[in-house]
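The values are calculated or read from the model by the stated rules, or taken from the named source; none is laboratory data. Every value quoted in this text rests on a predicted model; they were computed, and no experiment measured them. Glycine gets a Cβ as well: all are built from the backbone with ideal geometry, and neighbour counts include every protein chain shown.
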Amino acid sequence: MKTIDTDVLVVGAGPGGSMAAKFAARQGARTLLIEKRQEIGSPVRCAEGVSREWMAECEVSEDPRWIATRSDAARIFAPNGTSATIGAKRAGNEVGIVLERVLFDKALAEDAARAGADILLKTFATNVLIDNGVVRGVVGKSLGEDVEIRAMVTIGADGFESQVGRWAGLRTMVKTRDVDATFQYRLANIRCDARYCDFYLGSCAPGGYIWVFPKSHEVANVGIGVQMSQLNGLADTKAYLDGWIASQPAFRNGKPLDMVAGAVSTSRPLPKTVTPGLMLVGDAARLIDPLTGGGIVNACISGKLAGDVAARAWQARDASETFLQSYDRAWRSRMEKKQIRNYLAKEKLAHLDDETLNTLIGSLSTLDTDASTMSLLLAIGKKHPRFIAEFAHLLWKT
Ligand code: FAD
(Lines give C-alpha, C1' and ligand atoms only; values in the text may rest on other atoms or scores of the structure.)
Protein backbone atom coordinates (compact mmCIF):
# COMPACT_ATOMS: atom_id res chain seq x y z
CA MET A 1 0.00 0.00 0.00
CA LYS A 2 1.21 3.49 -0.88
CA THR A 3 1.57 5.83 2.13
CA ILE A 4 1.59 9.64 2.12
CA ASP A 5 2.36 11.92 5.07
CA THR A 6 1.07 15.44 5.28
CA ASP A 7 0.23 18.04 7.91
CA VAL A 8 -3.29 18.92 6.73
CA LEU A 9 -5.45 16.65 4.57
CA VAL A 10 -8.57 18.04 2.88
CA VAL A 11 -11.05 15.49 1.48
CA GLY A 12 -13.05 16.94 -1.44
CA ALA A 13 -12.12 19.74 -3.84
CA GLY A 14 -15.42 21.63 -3.97
CA PRO A 15 -15.49 25.29 -2.88
CA GLY A 16 -15.26 24.38 0.83
CA GLY A 17 -12.27 22.07 0.34
CA SER A 18 -10.30 24.40 -1.93
CA MET A 19 -10.85 27.29 0.45
CA ALA A 20 -9.71 25.19 3.44
CA ALA A 21 -6.62 24.06 1.52
CA LYS A 22 -5.75 27.64 0.53
CA PHE A 23 -5.87 29.00 4.06
CA ALA A 24 -4.03 26.01 5.60
CA ALA A 25 -1.27 25.98 2.96
CA ARG A 26 -0.55 29.68 2.99
CA GLN A 27 0.46 29.44 6.64
CA GLY A 28 3.15 26.91 5.80
CA ALA A 29 1.41 23.61 6.62
CA ARG A 30 2.06 20.83 4.10
CA THR A 31 -1.46 20.55 2.70
CA LEU A 32 -2.93 17.85 0.46
CA LEU A 33 -6.32 18.24 -1.26
CA ILE A 34 -7.80 15.00 -2.58
CA GLU A 35 -10.69 14.74 -5.03
CA LYS A 36 -12.44 11.56 -6.12
CA ARG A 37 -13.37 12.89 -9.55
CA GLN A 38 -10.97 13.29 -12.47
CA GLU A 39 -11.86 16.92 -13.05
CA ILE A 40 -12.45 19.59 -10.39
CA GLY A 41 -15.85 21.25 -10.77
CA SER A 42 -17.29 18.76 -13.25
CA PRO A 43 -19.98 17.54 -13.62
CA VAL A 44 -21.85 20.57 -12.27
CA ARG A 45 -24.69 19.86 -9.83
CA CYS A 46 -25.66 23.43 -9.09
CA ALA A 47 -27.90 26.29 -10.24
CA GLU A 48 -24.72 28.43 -10.06
CA GLY A 49 -26.20 31.43 -8.26
CA VAL A 50 -24.00 33.13 -5.69
CA SER A 51 -23.88 36.46 -3.87
CA ARG A 52 -20.82 38.73 -3.97
CA GLU A 53 -20.53 40.11 -0.45
CA TRP A 54 -18.44 37.26 1.01
CA MET A 55 -15.67 37.36 -1.58
CA ALA A 56 -13.39 39.92 0.08
CA GLU A 57 -13.55 37.97 3.34
CA CYS A 58 -12.40 34.82 1.55
CA GLU A 59 -9.88 36.72 -0.61
CA VAL A 60 -11.56 35.75 -3.87
CA SER A 61 -11.31 38.27 -6.71
CA GLU A 62 -14.10 38.37 -9.27
CA ASP A 63 -12.92 36.98 -12.57
CA PRO A 64 -14.89 37.39 -15.81
CA ARG A 65 -13.88 33.83 -16.78
CA TRP A 66 -16.26 32.37 -14.19
CA ILE A 67 -19.06 34.95 -14.39
CA ALA A 68 -21.91 34.12 -16.79
CA THR A 69 -24.28 36.96 -15.78
CA ARG A 70 -24.70 39.47 -12.97
CA SER A 71 -28.14 39.77 -11.36
CA ASP A 72 -29.60 42.96 -9.87
CA ALA A 73 -32.29 41.27 -7.81
CA ALA A 74 -34.33 38.21 -6.91
CA ARG A 75 -37.99 38.00 -7.85
CA ILE A 76 -40.20 35.79 -5.70
CA PHE A 77 -43.33 34.66 -7.56
CA ALA A 78 -46.57 33.60 -5.90
CA PRO A 79 -48.66 30.86 -7.52
CA ASN A 80 -50.98 33.52 -9.00
CA GLY A 81 -48.07 35.28 -10.73
CA THR A 82 -47.65 38.31 -8.44
CA SER A 83 -44.06 38.88 -7.37
CA ALA A 84 -41.92 40.58 -4.74
CA THR A 85 -38.45 41.86 -5.64
CA ILE A 86 -35.40 41.84 -3.35
CA GLY A 87 -32.18 43.64 -4.31
CA ALA A 88 -29.20 41.33 -4.94
CA LYS A 89 -27.18 42.66 -1.99
CA ARG A 90 -29.83 41.49 0.41
CA ALA A 91 -31.43 38.58 -1.37
CA GLY A 92 -29.34 35.90 0.34
CA ASN A 93 -26.51 33.63 -0.67
CA GLU A 94 -27.65 32.74 -4.17
CA VAL A 95 -28.21 36.08 -5.89
CA GLY A 96 -25.61 38.44 -7.44
CA ILE A 97 -23.70 36.36 -9.94
CA VAL A 98 -24.62 33.35 -12.04
CA LEU A 99 -21.39 31.39 -12.23
CA GLU A 100 -19.65 29.19 -14.70
CA ARG A 101 -19.25 26.75 -11.85
CA VAL A 102 -16.78 24.41 -13.60
CA LEU A 103 -14.39 27.35 -13.97
CA PHE A 104 -15.20 28.81 -10.53
CA ASP A 105 -14.35 25.57 -8.70
CA LYS A 106 -11.15 25.26 -10.72
CA ALA A 107 -10.20 28.87 -9.95
CA LEU A 108 -10.58 28.23 -6.20
CA ALA A 109 -8.43 25.10 -6.53
CA GLU A 110 -5.86 27.16 -8.48
CA ASP A 111 -5.74 29.59 -5.54
CA ALA A 112 -5.11 26.67 -3.18
CA ALA A 113 -2.31 25.39 -5.43
CA ARG A 114 -0.80 28.88 -5.60
CA ALA A 115 -0.81 28.98 -1.80
CA GLY A 116 1.23 25.76 -1.79
CA ALA A 117 -1.36 22.95 -1.54
CA ASP A 118 -0.80 19.68 -3.41
CA ILE A 119 -3.76 18.21 -5.30
CA LEU A 120 -4.46 14.55 -6.10
CA LEU A 121 -7.30 13.72 -8.49
CA LYS A 122 -9.07 10.35 -8.77
CA THR A 123 -8.16 9.86 -5.13
CA PHE A 124 -10.88 9.05 -2.67
CA ALA A 125 -11.23 8.23 0.98
CA THR A 126 -12.98 5.00 1.99
CA ASN A 127 -12.50 5.36 5.74
CA VAL A 128 -10.74 7.43 8.35
CA LEU A 129 -7.62 6.31 10.21
CA ILE A 130 -8.12 6.53 13.94
CA ASP A 131 -5.27 6.23 16.51
CA ASN A 132 -6.26 6.36 20.18
CA GLY A 133 -9.54 8.11 19.39
CA VAL A 134 -7.90 10.75 17.15
CA VAL A 135 -8.49 10.96 13.37
CA ARG A 136 -5.06 10.73 11.73
CA GLY A 137 -5.97 10.82 8.04
CA VAL A 138 -7.77 8.43 5.71
CA VAL A 139 -7.39 5.21 3.77
CA GLY A 140 -8.65 5.00 0.20
CA LYS A 141 -7.60 4.64 -3.40
CA SER A 142 -5.47 6.87 -5.57
CA LEU A 143 -5.63 6.18 -9.31
CA GLY A 144 -6.73 2.63 -8.49
CA GLU A 145 -3.96 1.96 -5.96
CA ASP A 146 -4.60 1.45 -2.23
CA VAL A 147 -3.37 4.44 -0.28
CA GLU A 148 -2.99 5.48 3.35
CA ILE A 149 -2.77 9.23 3.87
CA ARG A 150 -1.61 10.22 7.35
CA ALA A 151 -2.22 13.77 8.53
CA MET A 152 -2.11 15.73 11.76
CA VAL A 153 -5.42 17.42 10.88
CA THR A 154 -8.11 16.18 8.46
CA ILE A 155 -10.84 18.39 7.00
CA GLY A 156 -13.95 16.67 5.65
CA ALA A 157 -15.18 18.77 2.69
CA ASP A 158 -16.85 15.87 0.92
CA GLY A 159 -20.19 17.52 0.24
CA PHE A 160 -23.82 16.52 0.76
CA GLU A 161 -23.10 12.76 0.54
CA SER A 162 -20.32 13.18 3.12
CA GLN A 163 -19.08 10.01 4.77
CA VAL A 164 -15.97 11.32 6.49
CA GLY A 165 -17.87 12.71 9.48
CA ARG A 166 -19.92 9.54 9.89
CA TRP A 167 -16.83 7.31 9.70
CA ALA A 168 -15.35 9.40 12.54
CA GLY A 169 -18.48 8.96 14.67
CA LEU A 170 -20.12 12.38 14.12
CA ARG A 171 -23.91 12.41 13.73
CA THR A 172 -24.40 13.75 10.21
CA MET A 173 -27.70 12.07 9.23
CA VAL A 174 -30.55 14.37 8.20
CA LYS A 175 -34.28 13.61 8.23
CA THR A 176 -36.10 13.31 4.89
CA ARG A 177 -38.13 16.41 5.75
CA ASP A 178 -34.80 18.24 5.89
CA VAL A 179 -33.68 17.15 2.44
CA ASP A 180 -34.83 18.61 -0.88
CA ALA A 181 -34.62 16.42 -3.97
CA THR A 182 -33.52 18.56 -6.91
CA PHE A 183 -33.68 18.30 -10.67
CA GLN A 184 -32.41 20.87 -13.17
CA TYR A 185 -32.10 21.47 -16.89
CA ARG A 186 -29.89 23.99 -18.56
CA LEU A 187 -32.47 25.16 -21.08
CA ALA A 188 -31.69 26.91 -24.36
CA ASN A 189 -34.17 28.64 -26.68
CA ILE A 190 -36.11 30.30 -23.87
CA ARG A 191 -36.86 33.94 -23.02
CA CYS A 192 -35.74 35.28 -19.65
CA ASP A 193 -34.67 38.56 -18.08
CA ALA A 194 -30.98 38.17 -17.27
CA ARG A 195 -31.17 40.92 -14.63
CA TYR A 196 -33.12 38.68 -12.25
CA CYS A 197 -32.84 35.34 -10.50
CA ASP A 198 -36.42 34.10 -10.24
CA PHE A 199 -38.01 31.85 -7.62
CA TYR A 200 -41.51 30.32 -8.00
CA LEU A 201 -43.24 29.12 -4.84
CA GLY A 202 -46.31 27.00 -4.20
CA SER A 203 -47.77 23.69 -5.31
CA CYS A 204 -45.55 23.76 -8.43
CA ALA A 205 -42.75 22.64 -6.03
CA PRO A 206 -44.13 21.24 -2.74
CA GLY A 207 -42.06 22.41 0.20
CA GLY A 208 -39.46 23.99 -2.07
CA TYR A 209 -39.36 26.16 -5.18
CA ILE A 210 -38.61 26.34 -8.89
CA TRP A 211 -35.70 28.54 -9.91
CA VAL A 212 -34.69 30.27 -13.13
CA PHE A 213 -31.08 31.48 -13.00
CA PRO A 214 -30.17 33.06 -16.36
CA LYS A 215 -26.91 32.36 -18.12
CA SER A 216 -28.02 34.81 -20.86
CA HIS A 217 -31.33 36.15 -22.22
CA GLU A 218 -32.05 32.80 -23.85
CA VAL A 219 -30.29 30.19 -21.72
CA ALA A 220 -30.96 29.52 -18.02
CA ASN A 221 -30.60 26.95 -15.30
CA VAL A 222 -34.21 25.98 -14.70
CA GLY A 223 -34.59 23.65 -11.76
CA ILE A 224 -36.69 22.49 -8.87
CA GLY A 225 -36.19 21.51 -5.24
CA VAL A 226 -38.97 19.54 -3.55
CA GLN A 227 -39.07 18.49 0.08
CA MET A 228 -38.25 14.77 0.01
CA SER A 229 -40.99 13.91 2.52
CA GLN A 230 -43.61 15.37 0.14
CA LEU A 231 -42.61 13.11 -2.79
CA ASN A 232 -43.92 9.67 -3.74
CA GLY A 233 -40.77 8.92 -5.71
CA LEU A 234 -37.72 10.78 -7.04
CA ALA A 235 -39.22 10.75 -10.56
CA ASP A 236 -41.88 13.13 -9.21
CA THR A 237 -39.32 15.94 -9.07
CA LYS A 238 -38.75 15.83 -12.82
CA ALA A 239 -42.49 15.47 -13.45
CA TYR A 240 -43.21 18.63 -11.40
CA LEU A 241 -40.57 20.57 -13.32
CA ASP A 242 -41.66 19.27 -16.74
CA GLY A 243 -45.27 20.18 -15.92
CA TRP A 244 -44.31 23.70 -14.89
CA ILE A 245 -42.09 24.29 -17.96
CA ALA A 246 -44.92 23.13 -20.25
CA SER A 247 -47.23 25.70 -18.62
CA GLN A 248 -44.87 28.67 -19.22
CA PRO A 249 -44.99 30.31 -22.68
CA ALA A 250 -41.44 31.69 -22.26
CA PHE A 251 -39.99 28.25 -21.48
CA ARG A 252 -42.14 25.63 -23.16
CA ASN A 253 -40.03 25.60 -26.34
CA GLY A 254 -36.82 25.27 -24.34
CA LYS A 255 -34.34 22.57 -25.28
CA PRO A 256 -32.10 20.93 -22.67
CA LEU A 257 -28.32 21.30 -22.93
CA ASP A 258 -27.79 19.19 -19.81
CA MET A 259 -29.70 17.88 -16.84
CA VAL A 260 -28.71 17.05 -13.29
CA ALA A 261 -30.35 15.53 -10.24
CA GLY A 262 -29.10 15.81 -6.69
CA ALA A 263 -30.09 16.65 -3.17
CA VAL A 264 -29.53 19.47 -0.73
CA SER A 265 -29.88 19.45 3.04
CA THR A 266 -32.21 22.02 4.50
CA SER A 267 -31.58 21.07 8.11
CA ARG A 268 -30.48 22.92 11.20
CA PRO A 269 -26.70 23.02 11.58
CA LEU A 270 -25.06 19.90 13.04
CA PRO A 271 -24.73 19.94 16.84
CA LYS A 272 -21.06 18.97 16.50
CA THR A 273 -18.68 19.58 13.56
CA VAL A 274 -15.36 18.61 15.14
CA THR A 275 -13.89 15.52 16.73
CA PRO A 276 -10.23 14.96 17.65
CA GLY A 277 -8.16 15.41 14.48
CA LEU A 278 -11.15 16.27 12.23
CA MET A 279 -13.28 19.25 11.18
CA LEU A 280 -16.23 19.24 8.75
CA VAL A 281 -16.97 22.15 6.39
CA GLY A 282 -19.61 23.18 3.85
CA ASP A 283 -22.29 20.69 2.87
CA ALA A 284 -20.52 17.98 4.90
CA ALA A 285 -21.29 20.09 7.99
CA ARG A 286 -24.86 20.73 6.71
CA LEU A 287 -24.18 24.43 6.28
CA ILE A 288 -26.45 24.98 3.26
CA ASP A 289 -28.88 27.85 3.85
CA PRO A 290 -32.08 25.91 4.70
CA LEU A 291 -34.36 28.57 3.19
CA THR A 292 -32.65 29.10 -0.17
CA GLY A 293 -30.69 25.86 -0.63
CA GLY A 294 -27.60 27.97 -1.41
CA GLY A 295 -24.42 26.42 -0.01
CA ILE A 296 -21.45 27.89 -1.89
CA VAL A 297 -20.98 30.93 0.36
CA ASN A 298 -21.16 29.03 3.63
CA ALA A 299 -18.87 26.32 2.21
CA CYS A 300 -16.27 28.97 1.37
CA ILE A 301 -16.53 30.80 4.69
CA SER A 302 -16.46 27.62 6.78
CA GLY A 303 -13.58 26.33 4.60
CA LYS A 304 -11.57 29.46 5.30
CA LEU A 305 -12.22 29.22 9.05
CA ALA A 306 -11.29 25.52 9.16
CA GLY A 307 -8.14 26.08 7.07
CA ASP A 308 -6.99 28.77 9.51
CA VAL A 309 -7.62 26.59 12.55
CA ALA A 310 -5.93 23.58 10.88
CA ALA A 311 -2.78 25.63 10.28
CA ARG A 312 -2.77 26.85 13.87
CA ALA A 313 -3.34 23.30 15.16
CA TRP A 314 -0.35 22.14 13.08
CA GLN A 315 1.80 25.00 14.41
CA ALA A 316 0.79 24.15 17.98
CA ARG A 317 1.12 20.38 17.34
CA ASP A 318 -2.34 20.09 18.90
CA ALA A 319 -5.28 18.55 17.02
CA SER A 320 -7.30 17.86 20.16
CA GLU A 321 -11.03 18.47 20.13
CA THR A 322 -10.51 21.35 22.55
CA PHE A 323 -8.17 23.04 20.08
CA LEU A 324 -10.36 22.40 17.04
CA GLN A 325 -13.43 23.70 18.89
CA SER A 326 -12.27 27.20 17.95
CA TYR A 327 -13.41 26.33 14.39
CA ASP A 328 -16.83 25.21 15.63
CA ARG A 329 -17.21 28.42 17.65
CA ALA A 330 -16.05 30.59 14.75
CA TRP A 331 -18.55 29.32 12.17
CA ARG A 332 -21.36 29.35 14.72
CA SER A 333 -20.75 32.98 15.65
CA ARG A 334 -20.55 33.85 11.94
CA MET A 335 -23.71 32.12 10.65
CA GLU A 336 -25.57 29.92 13.13
CA LYS A 337 -28.34 32.38 14.09
CA LYS A 338 -29.17 33.05 10.46
CA GLN A 339 -29.19 29.32 9.71
CA ILE A 340 -31.65 28.66 12.54
CA ARG A 341 -33.87 31.61 11.58
CA ASN A 342 -33.95 30.45 7.96
CA TYR A 343 -34.62 26.86 9.05
CA LEU A 344 -37.68 27.98 11.01
CA ALA A 345 -38.87 30.18 8.13
CA LYS A 346 -38.44 27.24 5.74
CA GLU A 347 -40.48 25.00 8.02
CA LYS A 348 -43.33 27.52 7.86
CA LEU A 349 -43.12 28.18 4.14
CA ALA A 350 -42.95 24.47 3.29
CA HIS A 351 -46.49 23.96 4.51
CA LEU A 352 -48.32 27.04 3.19
CA ASP A 353 -51.04 26.49 0.60
CA ASP A 354 -51.19 28.46 -2.66
CA GLU A 355 -53.88 30.82 -1.40
CA THR A 356 -51.85 31.84 1.66
CA LEU A 357 -48.73 32.32 -0.49
CA ASN A 358 -50.73 34.53 -2.88
CA THR A 359 -51.79 36.69 0.06
CA LEU A 360 -48.32 36.82 1.63
CA ILE A 361 -46.41 37.65 -1.55
CA GLY A 362 -49.19 39.94 -2.75
CA SER A 363 -48.82 41.98 0.42
CA LEU A 364 -45.07 42.29 -0.21
CA SER A 365 -45.11 43.21 -3.87
CA THR A 366 -44.81 46.88 -2.99
CA LEU A 367 -41.49 46.39 -1.16
CA ASP A 368 -38.68 48.26 -2.90
CA THR A 369 -35.61 46.49 -4.24
CA ASP A 370 -33.60 47.43 -1.17
CA ALA A 371 -35.69 45.03 0.86
CA SER A 372 -33.79 42.16 2.45
CA THR A 373 -34.87 38.60 3.27
CA MET A 374 -35.15 39.82 6.86
CA SER A 375 -37.29 42.86 6.00
CA LEU A 376 -39.43 40.55 3.88
CA LEU A 377 -39.94 38.24 6.87
CA LEU A 378 -40.63 41.26 9.10
CA ALA A 379 -43.17 42.60 6.62
CA ILE A 380 -44.86 39.20 6.59
CA GLY A 381 -44.82 39.23 10.40
CA LYS A 382 -46.56 42.61 10.56
CA LYS A 383 -49.48 41.33 8.53
CA HIS A 384 -49.42 37.72 9.70
CA PRO A 385 -47.80 37.62 13.18
CA ARG A 386 -48.42 33.90 13.61
CA PHE A 387 -46.14 33.16 10.64
CA ILE A 388 -43.05 34.48 12.42
CA ALA A 389 -44.06 33.79 16.05
CA GLU A 390 -41.54 30.96 16.54
CA PHE A 391 -38.54 32.90 15.27
CA ALA A 392 -39.48 36.54 15.85
CA HIS A 393 -36.71 36.81 18.47
CA LEU A 394 -34.12 35.86 15.84
CA LEU A 395 -35.27 38.47 13.35
CA TRP A 396 -33.99 41.33 15.40
CA LYS A 397 -30.61 39.77 16.08
CA THR A 398 -29.47 38.44 12.70
P1 FAD B 1 -19.21 20.05 -2.93
O2 FAD B 1 -19.20 21.17 -3.87
O3 FAD B 1 -20.27 19.02 -3.07
O4 FAD B 1 -17.79 19.33 -3.04
C5 FAD B 1 -17.53 18.09 -2.43
C6 FAD B 1 -16.40 17.42 -3.21
O7 FAD B 1 -15.95 16.27 -2.49
C8 FAD B 1 -16.86 16.93 -4.58
O9 FAD B 1 -15.98 17.41 -5.54
C10 FAD B 1 -16.80 15.39 -4.45
O11 FAD B 1 -16.46 14.76 -5.66
C12 FAD B 1 -15.70 15.22 -3.41
N13 FAD B 1 -15.78 13.99 -2.66
C14 FAD B 1 -16.89 13.42 -2.10
N15 FAD B 1 -16.57 12.31 -1.43
C16 FAD B 1 -15.23 12.16 -1.54
C17 FAD B 1 -14.29 11.19 -1.05
N18 FAD B 1 -14.69 10.13 -0.31
N19 FAD B 1 -12.97 11.33 -1.35
C20 FAD B 1 -12.57 12.40 -2.11
N21 FAD B 1 -13.41 13.34 -2.60
C22 FAD B 1 -14.71 13.23 -2.31
N23 FAD B 1 -25.64 26.49 -3.90
C24 FAD B 1 -25.57 27.81 -4.16
O25 FAD B 1 -24.94 28.55 -3.40
N26 FAD B 1 -26.19 28.35 -5.24
C27 FAD B 1 -26.93 27.59 -6.10
O28 FAD B 1 -27.47 28.13 -7.07
C29 FAD B 1 -27.04 26.20 -5.84
N30 FAD B 1 -27.76 25.41 -6.64
C31 FAD B 1 -27.80 24.07 -6.42
C32 FAD B 1 -28.52 23.26 -7.31
C33 FAD B 1 -28.53 21.88 -7.16
C34 FAD B 1 -29.30 21.04 -8.15
C35 FAD B 1 -27.81 21.30 -6.07
C36 FAD B 1 -27.80 19.79 -5.89
C37 FAD B 1 -27.11 22.08 -5.17
C38 FAD B 1 -27.10 23.48 -5.34
N39 FAD B 1 -26.38 24.32 -4.48
C40 FAD B 1 -26.34 25.68 -4.72
C41 FAD B 1 -25.61 23.79 -3.35
C42 FAD B 1 -24.09 23.84 -3.67
O43 FAD B 1 -23.82 23.17 -4.87
C44 FAD B 1 -23.31 23.25 -2.51
O45 FAD B 1 -23.77 23.82 -1.31
C46 FAD B 1 -21.80 23.52 -2.64
O47 FAD B 1 -21.26 22.89 -3.78
C48 FAD B 1 -21.10 23.01 -1.38
O49 FAD B 1 -19.71 23.01 -1.51
P50 FAD B 1 -18.85 21.92 -0.75
O51 FAD B 1 -17.43 22.25 -1.06
O52 FAD B 1 -19.27 21.80 0.65
O53 FAD B 1 -19.25 20.51 -1.41
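Cβ separations smaller than 7 Å between residues 6+ apart or across chains give the following pairs from segment 331-353 residues that are hydrophobic (A, V, I, L, M, F, W, C) to residues that are at pLDDT below 95 and assigned to a loop (DSSP other than H, G, I, E, B): 340/268; 345/291; 350/207. Screening segment 78-120 for residues that are among the basic types (Lys, Arg) and surrounded by fewer than 17 Cβ atoms within 10 Å (Cβ to Cβ) and picking the one that is nearest to residue 358 (Cα to Cα) gives 89. Scanning segment 60-68 finds no residues that are near the ligand (Cβ under 9 Å from one of its atoms) and aromatic (Phe, Trp, Tyr). When you go through 42, 18, 61 one by one, which is the residue that is surrounded by 24 or more Cβ atoms within 10 Å (Cβ to Cβ), outside any strand (DSSP E or B) and hydroxyl-bearing (Ser, Thr, Tyr)? Criteria check complete, one pass: 18. Taking the conditions (1) touching a residue at least 12 places away in the same chain (Cβ under 8 Å); (2) farther than 24 Å from residue 45 by Cβ in turn, residue 143 satisfies each one other than (2). Residue 140 fulfils the conditions (1) within 24 Å of residue 108 (Cβ to Cβ); (2) more than 10 Å from the ligand (Cβ to nearest atom); (3) not charged (D, E, K, R) except for a single criterion, (2).
Small (Gly, Ala, Ser) and over 26 Å from residue 70 (Cα atoms) - does that describe any residue in segment 210-217? No, there is no match, as no residue in segment 210-217 is small (Gly, Ala, Ser) and over 26 Å from residue 70 (Cα atoms). With respect to the stated conditions, residue 52 is under 17 Å from the mean Cα position of the chain (by Cα), within 15 Å of the ligand (Cβ to nearest atom), on the phi < 0 side of the Ramachandran plot and not β-branched (Val, Ile, Thr). Condition check for residue 248 on (1) over 9 Å from the mean Cα position of the chain (by Cα); (2) within 16 Å of the ligand (Cβ to nearest atom); (3) not hydroxyl-bearing (Ser, Thr, Tyr): one failure, at (2). Condition first: within 12 Å of residue 40 (Cα to Cα), in contact (Cβ under 8 Å) with a residue 40 or more places away in the chain and within 12 Å of the ligand (Cβ to nearest atom). Can you find one or more residues in segment 107-114 that meet it? Within segment 107-114 (the criterion being within 12 Å of residue 40 (Cα to Cα), in contact (Cβ under 8 Å) with a residue 40 or more places away in the chain and within 12 Å of the ligand (Cβ to nearest atom)), the answer is yes, since at least one residue qualifies.
The number of residues in segment 166-186 that are in contact with a helix residue (DSSP H, G or I) (Cβ under 9 Å, 6 or more places away or on another chain) and within 11 Å of the ligand (Cβ to nearest atom) comes to 7. Does residue 292 fit the bill of being polar (S, T, N, Q) and under 25 Å from residue 227 (Cα atoms)? So residue 292 passes the test.
Can we say residue 134 is within 22 Å of residue 271 (Cα to Cα) and away from the ligand (no atom under 16 Å from the Cβ)? When the stated conditions are applied, residue 134 passes them.
Looking across segment 271-297, the residues that are farther than 14 Å from residue 154 by Cβ and out of contact with any helix residue (DSSP H, G or I) (no Cβ under 6 Å at 6 or more places or on another chain) come down to 271, 272, 283, 286, 288, 292, 293, 294, 297. One residue stands out in segment 306-323 among those that are surrounded by fewer than 24 Cβ atoms within 10 Å (Cβ to Cβ) and of a type in the set (A, V, I, L, M): the one that is farthest from residue 132 (Cα to Cα), namely 311.
Results for (1) under 22 Å from the mean Cα position of the chain (by Cα); (2) β-branched (Val, Ile, Thr); (3) within 17 Å of residue 115 (Cα to Cα); (4) more than 16 Å from the ligand (Cβ to nearest atom), shown as yes or no for each residue.
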{"site": "293", "(1), (2), (3), (4)": "yes, no, no, no"}
{"site": "308", "(1), (2), (3), (4)": "yes, no, yes, yes"}
{"site": "311", "(1), (2), (3), (4)": "no, no, yes, yes"}
{"site": "316", "(1), (2), (3), (4)": "no, no, no, yes"}
{"site": "335", "(1), (2), (3), (4)": "yes, no, no, no"}
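The number of residues in segment 144-165 that are within 14 Å of the ligand (Cβ to nearest atom), buried (at least 23 other Cβ atoms within 10 Å of the Cβ) and not in a loop (DSSP other than H, G, I, E, B) comes to 7.
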